[in-house]
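Undergrad: Got a structure for you, questions after.
The values are calculated or read from the model by the stated rules, or taken from the named source; none is laboratory data. Since we're looking at a predicted model, the values are computed, not measured. Glycine gets a Cβ as well: all are built from the backbone with ideal geometry, and neighbour counts include every protein chain shown.
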Amino acid sequence: MYGSAADYFVYIGFLGLIIVFIMLAYFIIRRIIWIFGIMFGMSVGSPNYKAGMLKFLTLLFFFAGFMVFTYTSFYERAYPKFEEDKTGAEVSLFPAADYHSAFSINLQRSEKYSTSQGATIENGNYLLLGEILTPPEWLKNLGVSEGFRFYGLIKGSWTSNYIEMPIDVNVSEKPNDIVWRALSAIQDVFPLAGLEKYYVQFSADGFNSKFDVYVSKHGFKRD
């Protein structure tokens, strides 16, 4: 499932997650106000503890449910499944004007569906940044497979002064979509699955060139 339907599942799950989060925050804030009211001798009434606890647990249940639904859809959409040591992406470079090269990357997400993205970059040495997704067993039981994505491009190398490029090479999700960015940020803080970051080195020198990137559990390698 790689088409627009997968996107809708992510959006629906994210919307539900936000709504339940707001309801949960409102519930907690009301209880905090009630506690402060007691502390300062205000007339705040007596809450129904049993009903309050039931409501709190219900909200927690729906929050957890939407979280799992949203990230199951997100992982399936953003991290395409890979076959061990099989070609995951094809990178092409072409000459462009003024010491620049045209960079493009094509990702074969399934037998019939691929995505591609490109940019014009200055000639030089680069790192193509990516990560490998390793879901826990409970997520695998929900249909999430080990996957990968590319998310950025850096000029230079780890052993020298490098400059992060103000572009986002991201063929496995929507790089400028606020929902995708929010879910990626939440994943960084509260990961439901393991992510390991890797990179691929290449040079842009103003000539035609092409290479394949192979994916395995241990990272990326190129031909």
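Undergrad: Residues Leu192, Leu183: which one is assigned to a loop (DSSP other than H, G, I, E, B) and among the aliphatic types (A, V, I, L, M)? Give the derivation first.
TA: Numbers: Leu183 fails: assigned to a loop (DSSP other than H, G, I, E, B).
That would be Leu192, the only listed residue that is assigned to a loop (DSSP other than H, G, I, E, B) and among the aliphatic types (A, V, I, L, M).
Undergrad: Just to check your reading of the model, which residue among Asn208, Asn170, Asn176, Asn161 is touching a strand residue (DSSP E or B) at 6+ places or on another chain (Cβ under 8 Å), over 18 Å from Thr70 (Cα atoms), in the same structural domain as Asn106 (by TED's automatic domain parsing) and at pLDDT below 85?
TA: Numbers: Asn208 fails: at pLDDT below 85; Asn176 fails: touching a strand residue (DSSP E or B) at 6+ places or on another chain (Cβ under 8 Å); Asn161 fails: touching a strand residue (DSSP E or B) at 6+ places or on another chain (Cβ under 8 Å).
That would be Asn170, the only listed residue that is touching a strand residue (DSSP E or B) at 6+ places or on another chain (Cβ under 8 Å), over 18 Å from Thr70 (Cα atoms), in the same structural domain as Asn106 (by TED's automatic domain parsing) and at pLDDT below 85.
Undergrad: What single numbered condition from (1) in contact with a helix residue (DSSP H, G or I) (Cβ under 7 Å, 6 or more places away or on another chain); (2) modelled with pLDDT of 85 or more fails to hold for Ile186?
TA: (1)
Here is a yes/no grid of residues against (1) under 30 Å from Glu111 (Cα atoms); (2) modelled with pLDDT under 85; (3) part of a helix (DSSP H, G or I); (4) of a type outside the set (A, V, I, L, M, F, W, C):
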site: Gly41; (1), (2), (3), (4): no, yes, no, yes
site: Pro47; (1), (2), (3), (4): no, yes, no, yes
site: Ala51; (1), (2), (3), (4): no, yes, yes, no
site: Leu60; (1), (2), (3), (4): no, no, yes, no
site: Val68; (1), (2), (3), (4): yes, no, yes, no
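Undergrad: Looking at segment 99-114, is at least one residue surrounded by 13 or more Cβ atoms within 10 Å (Cβ to Cβ), at pLDDT below 85 and of a type in the set (Gly, Ala, Ser)?
TA: Yes.
Undergrad: Out of Tyr71, Tyr49, Tyr79, I need the residue that is on the phi < 0 side of the Ramachandran plot and free of Cβ contacts under 8 Å to residues at least 24 places away in the same chain. Which one? Reasoning before the result, please.
TA: On the way: Tyr71 fails: free of Cβ contacts under 8 Å to residues at least 24 places away in the same chain; Tyr79 fails: free of Cβ contacts under 8 Å to residues at least 24 places away in the same chain.
Unique residue meeting the criteria: Tyr49.
Undergrad: Of the numbered conditions (1) closer than 26 Å to Phe14 by Cβ; (2) assigned to a helix (DSSP H, G or I), Val144 fails exactly one; give the number of that condition.
TA: Failed condition: (2).
Undergrad: Hey, can you tell me all the residues within segment 123-141 that are at negative phi, in contact with a strand residue (DSSP E or B) (Cβ under 8 Å, 6 or more places away or on another chain), not in a loop (DSSP other than H, G, I, E, B) and not hydrophobic (A, V, I, L, M, F, W, C)?
TA: Filtering segment 123-141 for residues at negative phi gives 123, 125-141.
Imposing the further condition that a residue be in contact with a strand residue (DSSP E or B) (Cβ under 8 Å, 6 or more places away or on another chain) reduces the set to 123, 125-136.
Now restrict to residues that are not in a loop (DSSP other than H, G, I, E, B): 125-134.
Scanning segment 123-141 gives Asn125, Tyr126, Gly130, Glu131, Thr134.
Undergrad: Oh, and also: If only one of Gly152, Gly130, Gly118, Gly156 is at pLDDT 85 or above, surrounded by 15 or more Cβ atoms within 10 Å (Cβ to Cβ) and not hydrophobic (A, V, I, L, M, F, W, C), which one is it?
TA: Working: Gly152 fails: at pLDDT 85 or above; Gly118 fails: at pLDDT 85 or above; Gly156 fails: at pLDDT 85 or above.
Among Gly152, Gly130, Gly118, Gly156, only Gly130 is at pLDDT 85 or above, surrounded by 15 or more Cβ atoms within 10 Å (Cβ to Cβ) and not hydrophobic (A, V, I, L, M, F, W, C).
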